[in-house]
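Chemist: If you scroll down you'll find the structure; I have some questions about it.
The values are calculated or read from the model by the stated rules, or taken from the named source; none is laboratory data. Remember, it's a predicted structure, so these values are computed and weren't measured experimentally. Here the Cβ is made from the backbone with ideal geometry for all residues, glycine too, and neighbour counts use every protein chain on show. Please note that ligands, DNA and RNA were not included when accessible areas were found on the heavy atoms of the full protein model with its side chains. Shrake-Rupley method; radii C 1.70, N 1.55, O 1.52, S 1.80 Å.
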Amino acid sequence: MSENGKPKFAMYWAASCGGCEIAVLNIHERILDVDANFEVAFWPVAMDAKYKDVEAMQDGEILLTLFNGGIRNEENEHIAKLLRKKSQLLVAFGSCANEGCIPGLANLSPMEALFETAYHTASTENPEGILPQYEYDVPEGTITIPTMYPVLRTLDQVVDVDYYIPGCPPESHQIEAVIDAVIAVLKGEAELPPKGTVLGVGTSTVCDECSRKRDVKKIKQFVRIQDVERIDPEICLLEQGILCNGPATASGCTALCPAAGAPCAGCYGPANGVIDYGARMMASVASVIDSRDPDEIDAILDGLVDPAGSFYRFNLAHSLLHTGQASWNGKGS
Amino acid sequence: MTGEEAQTNGHRIGVYVCHCGTNIAGVVDVEHVSEWAKDALGDRGVVVGKDYKFMCSDLGQELIQKDIEREGLDRVVVAACSPHLHEKTFRNATERGGLNPYLCEMASIREQVSWVHTNKAIATEKAKAMISGAVERVKEHESLEPFRVPIEEATLIVGGGIAGIQSALEIANAGHPVYLVEREPSIGGHMAQFDKTFPTLDCSACILTPRMSEVGVHPNIELLTWSEVEKVEGYVGNFAVTIRKKASYVINEDCTGCGICWQKCPKKVIDDKFEVGLGYRKAIYTPFEQAVPKYPVIDHDNCTYFEKGSCKACEKFCPTEAINFEDEDEVITVNVGNIVLATGYDLFDARRIPQYGYGRLANVFTSLEFERMTNAAGPTDGDIVLRDGVTAPKSVGIVHCVGSRDRNFNNYCSSICCMQSLKFAHLVHERTGAEVFNFYIDIRTPAKEYDEFYQRVLDEGTRFVRGRVAEVTDAARLPGEEGKLIVQVEDTLAGQQRRIPVDMVILSAALEPRTDAYETAKKFGIACSANGWFTEKHPKLDPVATMTEGVFIAGCSTGPKDIPATVSQGSAAAARILSYIEMGELALEPVRATVIAEQCSGCRICNDLCPFNAISYDAETELSEINIALCQGCGTCVAACPAGAITGTGFSNEQVLAQIEGLLMLNVEPQPVAEPA
Ligand SMILES: Cc1cc2nc3c(=O)[nH]c(=O)nc-3n(C[C@H](O)[C@H](O)[C@H](O)COP(=O)(O)OP(=O)(O)OC[C@H]3O[C@@H](n4cnc5c(N)ncnc54)[C@H](O)[C@@H]3O)c2cc1C
Ligand code: SF4
Ligand code: SF4
Ligand code: SF4
Ligand code: SF4
C-alpha cells in the first residue's frame, strides 16, 4: 500500500508495438476509476519513472502489473523478473506477452537474417551499413545496450504469470470488465479467479459471436480477400474460401473482423480447448477440403500462400514449436 | 503433499513387461527393462516392475490380479504386443483384480519395438521410452463405465441371396421377427441361376427352393421384395430404417400367381438380369418359375401401357383383378436392433478385356451365361449350344481368372472360378462329349472334396493348359483354324506358344463388389476395402461383424466365396445377432467423443466428418452434438474441431500430451531456451 492507502498499479511495455498501452488509455473516462482506486507506481508510457525506483520497492509492493510485450532482449527479461518479484498479481497483457504475436514470427528466422532485413534492405536508409553494437567505447567510457536474444519468448516462458488478458490489443470493453472485477475484489465484493485464468474472453470461439450464416463446411478453393470481387455479407467467410481463423480463436472481441467483412486473424489467441493454435486450424481446415483427389487437394492447398503467417500469426512463440528450428539449435545468434 | 507424492500424485503403478516368448525378449532386454521401471520410475509412482514369459497367459494375468490386491496398485501398465490384440485381456485382468478396467494401459513394445528393430541396445531404450509414456498417460486415465443400450428384437436383412436367406431363417426359426429386403422381384440371388453346384453336383434349385419357400411362408419373416433401403438412422439396438417398396402394379393380396398376365403380355424384353441377356421375359414378370414370392411385377420402363397409354392386356385377362395401374411407391419405416448386409456380388464385365472377344465374337460366353445355358429351365432348356441356338460344340475352351489375379483389374483371386470352371468342364464332357481345354494359372481347390472333384475331371479327359490366355480370335492362320475361335496362350509347362482352335470359349469372370457397394456401405455407416468389399471388424476373428455395432455382413458382399462359406457366414451373422437379442441390452465401449457445449461455437466444421454419421447440428441451440451410441470413438472429429470443443474419452488432450511428455522425458536432453547472444 502507498501512503494514500491506495494499492499500487504498474504497466510495462516490452517487445511489442505499443498498441496495448493505447488500448488501456482508450477506455476513456474509466481510466479515472483506475486512478481513483490505484496509485500508479510505474508506467513508463504514461509518467516518468526510473527502474531504480522499482528496484527499491519491497517484494510484492505492487498489487497489479499489466505486462505487455514479449521477451526479446536482456532488458525485457530483467524487467519481467523485477516486476514479477515486486508484484502480487502479474498479468500477461495483450497478444505479445501472451503468445508472442507478430514479433514472435521472427522466431522463424535466424538473427543474421533479422538484422539483414532491418538494416540492409531497401526500406532502410543506411548507406554506411552500420549495425548496432552491444558495447561501444566513447571517450566518456563504454556504452552498452541490452543484448538481443535469438528468439522471442512469451512472458510465461520467462516468469510465473498469474493471469492472462489476450488480444491485439485487448478490447476496451474487456479491459473495463477486468478493471471492474479487480475493483470489486479490492472492495471485498468478489474473489480472485483461480491462478492461470484467461480473463476478458468467452468460453467459445469467435464464430460463436459471429453473426454470419454457416452451413456444413466444404472448401473447394481458398482465395485471398484482396482477390475476391464480392464478399457475400451474410455467409460465413470460410465457406466463401477466405481463410478465417474464427473457429479456433477465443471469443471476446465480438467478432469485429468478420462483422466488417475481414477474416478473423486470430488475435484473441487460442480458444479454451486449443493447445497448439496453428496445428488446430490446419487440422480443421484440412478436414473440410472437399476433394478425394490428391492433385486437386494440392491445388486447393496452394491457395494458402502463407501458412505460417496465416495459422501462426499470433501464436508461434507460444506454440508447441516455440521457435523455428534454426534458432532453437542456437544457430540463430 | 510430500515431495515424492507430488511426483507420483499418490499413484501406485504396476509395470509388466512381456517376453512374448522370444518375440520381444529376443530383441529387448526385458529383465533389464522391468527392473529399470521399478527403480528409475519409482519416483513417478511405479511400485511394481515385473517381466514374464507370456503376460497374456492365465499365470501372467494372475500376476496383475494379485499385485492389485497385495500391493494396492491403482494403475496398470502392460508392455507387450498391441492394444488391438490384448487390450481386452489385460483390462479384464485389471478388473478381476478389483480395479476399473480402463485404468490399464498397454505399451506396444512388440509391434512398435521388437518387430521393427534389430539393434538390441536401441530397442531396449525405445521400450523404456514407450513405458515411460504409458506410465505418464495411465495417471490421466479415468474409471469408465460401459454404455448400456436396449436391443430391439427385430432384425433387418438386406439381400435375399443364399446368405440373406440363411440368416433370415436362423433368426426367424429362433422366434424373432425379420424384415428381408430384396431389390429384385424374387429372392434367391445368384444361386437361383445355376443348374448344378460344385463339388457334389446337386441341383441348385433343388437345394435352394425349399429354403426360399420356407422364407416365403415363415410367420416371423416379413418379405419385402422389389424394395430398397433408403435411409438408416439410429444405432445398434435401435435402428430406424426407411424402406422404399417400389410400385409393382400388382395387388399381392389378390394375385394367385397364375401366370396368365405374363402369358398374355405382348411386350417381350431381353432379360439381362436373371437370364444375363440369353433369354426373354415379359414386361410383367417373375424372374423365374419358382420365384418367391410368386407375385409378378410390371417393369414400368418397358410396359406398353406406360409407354403408349394403351394395352392393359394383363389387366383384362387377370382372373382376380389383381392389376392396379395406379399403384405407387410406398415408403415405410421399420425399427430393428440389428442389420445383416448380404448384398452379394456382381460378375466382372468381360467386355473390359477386349482381346478375349466377349460381345464381339458370338461364341465367347461368360460363366453366368453358361450357367443359364446348362439350366434345364434356362433359355436353351439345358442344351449346351453355340450362339446359333442349335449347334453343339465339339471343343470348348474354359478360361480361368478372367479379371481376377490381374493387375489391370483385380489383384485378388475370386476363389470360386477354378471349381466353377471344373464344374463346367464336367458338364460339357457329360452332356456333349466335346473336347475341353481349361486354361489356368494355378488350380486352387482347397475345400472339402474339391481336389477330389479336380481328379475326377482330370480322369474324364479334360485337357489342362497352364498359362494366361493372351487372346481369343477368329482370325485363322493355320490349317484347321477356319471357322473356329483360336485361343492364343503361352503354355508355361511346355514352354511354348500355342494356338488352340475351339468352337466355344467360356470366360470364368471374376466376382466383383456390387457397383453400388460403396453407397450401400456409406448408407449403413460401414467401410469398404480398397477393392470395394465390405470390411470386417477383424478379418480372422470377427469376420461377420463390422466396425459399426449392430451392422453385420455375410456372404459374397465381404469377398468372393463359395456357397458353403456363404451359408456359414449367414449363420454366423445370425448367431451374433441372436446373442444380442438374447442379452436384451448391450454394453458398448465407453471410448466415445463428446462435444463440450460451452466451448462449441457451432462452426459446423465437424458436421460432415463422422464416418458413422454420429454428429448432428442443432439449429436451435446452434451447437453440434454427438450421438454417443453411434460414435465409435475414431477420433476424426476430435482432431478436426478447431475449438478443441470435442474430447475423446480415452484420448483426451491430457492423456495424449502426458504420454508424449513421458516418451520424451528419457530421450531428449532438455535444450536450454535461447542463451543470450
Ligand atoms: C458362374 C458362377 C458359378 C458358381 N457356382 C457355384 C457352385 O457351383 N457352388 C458354389 O458353392 N458356389 C458357386 N458360385 C458362388 C456363389 O454364386 C456364391 O457363393 C453365392 O451365390 C453367394 O451368395 P450371396 O447371398 O452372398 O450373394 P448373391 O447370390 O449375389 O445374392 C445377393 C442378393 O442381394 C440382392 N441385393 C444386392 N444389393 C441389394 C440392395 N442394395 N438392396 C436389396 N437387395 C440387394 C441381390 O439382388 C441378390 O438377390 C458360383 C458363382 C458364379 C459366378
Ligand atoms: S466468418 Fe469466421 S468467425 Fe464468422 S462463422 Fe465464419 S469462420 Fe467463424
Ligand atoms: S400393360 Fe401390357 S405391356 Fe404392360 S405389363 Fe400389362 S400386358 Fe404387359
Ligand atoms: S467443430 Fe467444434 S466448435 Fe465447430 S461445430 Fe463442431 S464441435 Fe462445435
Ligand atoms: S469420434 Fe467423432 S468422428 Fe469419430 S465416430 Fe465419434 S463422433 Fe464420429
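Chemist: Where in segment B:1-104 are the helices (runs of 4 or more DSSP H), entirely inside, with at least 3 residues that are open to solvent by 40 Å² or more (accessible area, probe 1.4 Å) and charged (D, E, K, R)? Show your work before the answer.
Modeler: On the way: elements: B:3-8, B:30-40, B:58-71, B:83-96.
So the answer is B:30-40, B:58-71, B:83-96.
Chemist: Which of the residues spanning segment B:610-627 are under 24 Å from the mean Cα position of the chain (by Cα) and either of a type outside the set (A, V, I, L, M) or surrounded by fewer than 19 Cβ atoms within 10 Å (Cβ to Cβ) (or both)?
Modeler: Going through segment B:610-627, the residues under 24 Å from the mean Cα position of the chain (by Cα) turn out to be B:610-614.
Correct list: B:CYS610, B:PRO611, B:PHE612, B:ASN613.
Chemist: Please go through (1) in contact with a Phe, Trp or Tyr (Cβ under 7 Å, 6 or more places away or on another chain); (2) within 30 Å of B:LYS246 (Cα to Cα); (3) buried (at least 24 other Cβ atoms within 10 Å of the Cβ); (4) β-branched (Val, Ile, Thr) for B:VAL402 and return the number of the only condition it doesn't satisfy.
Modeler: The one condition B:VAL402 does not meet is (2).
Chemist: Condition first: part of a loop (DSSP other than H, G, I, E, B), under 12 Å from the mean Cα position of the chain (by Cα) and more than 30 Å from B:HIS141 (Cα to Cα). Can you find one or more residues in segment B:562-579 that meet it? Steps first, answer last, please.
Modeler: Quick first cut of segment B:562-579, residues part of a loop (DSSP other than H, G, I, E, B) only: B:562.
Applying the additional criterion that residues be under 12 Å from the mean Cα position of the chain (by Cα) yields none.
Scanning segment B:562-579 turns up no residue that is part of a loop (DSSP other than H, G, I, E, B), under 12 Å from the mean Cα position of the chain (by Cα) and more than 30 Å from B:HIS141 (Cα to Cα).
Chemist: If B:LEU586 passes every condition in (1) away from ligand 4 (no atom under 13 Å from the Cβ); (2) modelled with pLDDT of 90 or more but one, which one does it miss?
Modeler: (2)
Chemist: Follow-up question, since we're still on this one. Sort through B:ASP474, B:ASP451, B:ASP459, B:ASP442 and tell me the only one that's open to solvent by 70 Å² or more (accessible area, probe 1.4 Å), out of contact with any Leu (no Cβ under 7 Å at 6 or more places or on another chain) and at pLDDT 95 or above. Before the answer, list the steps.
Modeler: Numbers: B:ASP474 fails: out of contact with any Leu (no Cβ under 7 Å at 6 or more places or on another chain); B:ASP451 fails: open to solvent by 70 Å² or more (accessible area, probe 1.4 Å); B:ASP442 fails: open to solvent by 70 Å² or more (accessible area, probe 1.4 Å).
Within the list B:ASP474, B:ASP451, B:ASP459, B:ASP442, the selection yields B:ASP459.
Results for (1) open to solvent by less than 20 Å² (accessible area, probe 1.4 Å); (2) touching a Lys or Arg at 6+ places or on another chain (Cβ under 9 Å); (3) modelled with pLDDT of 95 or more, shown as yes or no for each residue.
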site	(1), (2), (3)
B:THR343	no, yes, yes
B:LEU347	no, no, yes
B:GLN355	no, no, yes
B:ASN363	no, yes, yes
B:LEU368	yes, no, yes
B:THR374	yes, yes, yes
B:VAL396	yes, no, yes
B:SER414	yes, yes, yes
B:HIS426	yes, yes, yes
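Chemist: Turning to a different aspect of this structure: Just checking, does segment A:64-79 include any residue being in a strand (DSSP E or B), free of Cβ contacts under 8 Å to residues at least 60 places away in the same chain and not assigned by TED's automatic domain parsing to the domain that holds A:SER16?
Modeler: no
Chemist: If the Cβ limit is 6 Å and pairs must be 6+ apart or interchain, which residue in segment B:303-316 that is within 14 Å of chain A (Cβ to nearest Cβ) and closer than 19 Å to B:CYS258 by Cβ pairs with which residue that is assigned to a loop (DSSP other than H, G, I, E, B) and within 16 Å of ligand 1 (Cβ to nearest atom)?
Modeler: Note: no pairs meet the criteria.
Chemist: A follow-up question, please. Do we have B:ARG281 as assigned by TED's automatic domain parsing to the domain that holds B:LYS484 and modelled with pLDDT of 95 or more here?
Modeler: Values: assigned by TED's automatic domain parsing to the domain that holds B:LYS484: no; modelled with pLDDT of 95 or more: yes.
So B:ARG281 does not fit the description; no.
Chemist: State whether the residues of segment A:39-62 include one that is in contact with a Lys or Arg (Cβ under 9 Å, 6 or more places away or on another chain), surrounded by 22 or more Cβ atoms within 10 Å (Cβ to Cβ), closer than 30 Å to A:GLN133 by Cβ and in contact (Cβ under 8 Å) with a residue 60 or more places away in the chain. Can you show your working first?
Modeler: First, pick out the residues of segment A:39-62 that are in contact with a Lys or Arg (Cβ under 9 Å, 6 or more places away or on another chain): A:39-42, A:54-55, A:57-62.
Subset that is surrounded by 22 or more Cβ atoms within 10 Å (Cβ to Cβ): A:41-42, A:62.
Among the residues that remain, those that are also closer than 30 Å to A:GLN133 by Cβ are: A:42.
Filter once more, so that each one left must be in contact (Cβ under 8 Å) with a residue 60 or more places away in the chain: none.
No.
Chemist: For B:GLN497, only one of the following conditions fails: (1) more than 13 Å from ligand 1 (Cβ to nearest atom); (2) at pLDDT 95 or above; (3) open to solvent by less than 10 Å² (accessible area, probe 1.4 Å). What is its number?
Modeler: Of (1) more than 13 Å from ligand 1 (Cβ to nearest atom); (2) at pLDDT 95 or above; (3) open to solvent by less than 10 Å² (accessible area, probe 1.4 Å), only one is false for B:GLN497: (3).
Chemist: Starting from residues that are within 8 Å of ligand 3 (Cβ to nearest atom) and open to solvent by 20 Å² or more (accessible area, probe 1.4 Å), keep the ones in segment B:263-298 and report whichever is nearest to B:VAL215 (Cα to Cα). Write out each step before concluding.
Modeler: First, pick out the residues of segment B:263-298 that are within 8 Å of ligand 3 (Cβ to nearest atom): B:264-267, B:282-284, B:298.
Keeping just the survivors that are open to solvent by 20 Å² or more (accessible area, probe 1.4 Å) gives B:264, B:266-267, B:282.
On the way: B:LYS264: 29, B:PRO266: 32, B:LYS267: 31, B:LYS282: 26 Å.
Applying the filter and picking the extreme gives B:LYS282.
Chemist: Answer yes if at least one residue in segment A:305-319 is open to solvent by 10 Å² or more (accessible area, probe 1.4 Å) and within 13 Å of another protein chain (Cβ to nearest Cβ), and no otherwise.
Modeler: yes
Chemist: Can B:LEU386 be described as surrounded by 17 or more Cβ atoms within 10 Å (Cβ to Cβ) and either touching a Cys at 6+ places or on another chain (Cβ under 7 Å) or not hydroxyl-bearing (Ser, Thr, Tyr) (or both)?
Modeler: Values: surrounded by 17 or more Cβ atoms within 10 Å (Cβ to Cβ): no; either touching a Cys at 6+ places or on another chain (Cβ under 7 Å) or not hydroxyl-bearing (Ser, Thr, Tyr) (or both): yes.
For B:LEU386, the condition - surrounded by 17 or more Cβ atoms within 10 Å (Cβ to Cβ) and either touching a Cys at 6+ places or on another chain (Cβ under 7 Å) or not hydroxyl-bearing (Ser, Thr, Tyr) (or both) - is not met.
Chemist: Take the residues in segment A:200-209 that are buried (at least 20 other Cβ atoms within 10 Å of the Cβ) and more than 12 Å from ligand 4 (Cβ to nearest atom), then tell me which one is nearest to A:GLY269 (Cα to Cα). Before you say what the answer is, go through the steps one by one.
Modeler: At the first step, the residues of segment A:200-209 found to be buried (at least 20 other Cβ atoms within 10 Å of the Cβ) are A:200-202, A:204-208.
From what's left, more than 12 Å from ligand 4 (Cβ to nearest atom): A:200-202.
On the way: A:GLY200: 12, A:VAL201: 10, A:GLY202: 12 Å.
It comes out as A:VAL201.
Chemist: I'd like to verify a number: residues in segment B:323-341 that are open to solvent by 40 Å² or more (accessible area, probe 1.4 Å) and more than 16 Å from ligand 3 (Cβ to nearest atom), how many?
Modeler: As a first pass, look at segment B:323-341 and keep what is open to solvent by 40 Å² or more (accessible area, probe 1.4 Å): B:324, B:326-331, B:333, B:335.
Going one step further and asking which of them are more than 16 Å from ligand 3 (Cβ to nearest atom), we end up with B:328-331, B:333, B:335.
Number of matching residues: 6.
Chemist: Has segment B:551-560 got at least one residue that is modelled with pLDDT of 95 or more and more than 30 Å from B:PHE424 (Cα to Cα)? Give the derivation first.
Modeler: Looking only at segment B:551-560, we keep the residues that are modelled with pLDDT of 95 or more, and these are B:551-560.
Imposing the further condition that a residue be more than 30 Å from B:PHE424 (Cα to Cα) reduces the set to B:551-552.
Within segment B:551-560, one or more residues are modelled with pLDDT of 95 or more and more than 30 Å from B:PHE424 (Cα to Cα).
Chemist: Right, next: Being out of contact with any helix residue (DSSP H, G or I) (no Cβ under 9 Å at 6 or more places or on another chain), assigned to a helix (DSSP H, G or I), over 15 Å from A:PRO166 (Cα atoms) and more than 16 Å from ligand 1 (Cβ to nearest atom), is that true of even one residue in segment A:230-241?
Modeler: yes
Chemist: Of everything in segment B:527-557, what is in contact with a strand residue (DSSP E or B) (Cβ under 7 Å, 6 or more places away or on another chain), touching a residue at least 60 places away in the same chain (Cβ under 8 Å) and surrounded by fewer than 22 Cβ atoms within 10 Å (Cβ to Cβ)? Give them in sequence order.
Modeler: B:ASN531
Chemist: Filter segment B:582-608 for residues that are in contact with a helix residue (DSSP H, G or I) (Cβ under 8 Å, 6 or more places away or on another chain) and away from chain A (no Cβ under 14 Å) and give the result.
Modeler: Correct list: B:LEU586, B:PRO590.
Chemist: So, one more: Inside segment B:592-609, can you point out the residues that are surrounded by 19 or more Cβ atoms within 10 Å (Cβ to Cβ) and more than 10 Å from ligand 4 (Cβ to nearest atom)?
Modeler: The answer is B:ARG592, and nothing else.
Chemist: Let me ask something else about it. If you take the residues in segment A:289-304 that are under 19 Å from A:PRO247 (Cβ atoms) and in a loop (DSSP other than H, G, I, E, B), which one is farthest from the other protein chains (Cβ to nearest Cβ)?
Modeler: Filtering segment A:289-304 for residues under 19 Å from A:PRO247 (Cβ atoms) gives A:289-290, A:300-301, A:303-304.
Filter once more, so that each one left must be in a loop (DSSP other than H, G, I, E, B): A:290, A:303-304.
Details: A:ASP290: 9, A:GLY303: 18, A:LEU304: 15 Å.
It comes out as A:GLY303.
Each row is one residue, and each column tells you yes or no for (1) over 22 Å from B:VAL638 (Cβ atoms); (2) within 14 Å of chain B (Cβ to nearest Cβ); (3) among the aromatic types (Phe, Trp, Tyr).
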{"residue": "A:ARG214", "(1), (2), (3)": "no, yes, no"}
{"residue": "A:GLN226", "(1), (2), (3)": "yes, no, no"}
{"residue": "A:GLU239", "(1), (2), (3)": "yes, yes, no"}
{"residue": "A:CYS244", "(1), (2), (3)": "no, yes, no"}
{"residue": "A:THR254", "(1), (2), (3)": "yes, yes, no"}
{"residue": "A:CYS264", "(1), (2), (3)": "yes, yes, no"}
{"residue": "A:VAL274", "(1), (2), (3)": "no, yes, no"}
{"residue": "A:MET282", "(1), (2), (3)": "no, yes, no"}
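Chemist: Mind telling me which of the residues B:ALA572, B:ALA643 ends up being open to solvent by less than 30 Å² (accessible area, probe 1.4 Å) and among the aliphatic types (A, V, I, L, M)? Walk me through how you get there before you give the answer.
Modeler: Values: B:ALA572 fails: open to solvent by less than 30 Å² (accessible area, probe 1.4 Å).
Residue meeting the stated conditions: B:ALA643.
Chemist: Further question on the same structure: Using the structure shown, decide if B:ALA509 is open to solvent by less than 70 Å² (accessible area, probe 1.4 Å), small (Gly, Ala, Ser), over 30 Å from B:PRO83 (Cα atoms) and in contact (Cβ under 8 Å) with a residue 24 or more places away in the chain.
Modeler: Details: open to solvent by less than 70 Å² (accessible area, probe 1.4 Å): yes; small (Gly, Ala, Ser): yes; over 30 Å from B:PRO83 (Cα atoms): yes; in contact (Cβ under 8 Å) with a residue 24 or more places away in the chain: yes.
When the stated conditions are applied, B:ALA509 passes them.
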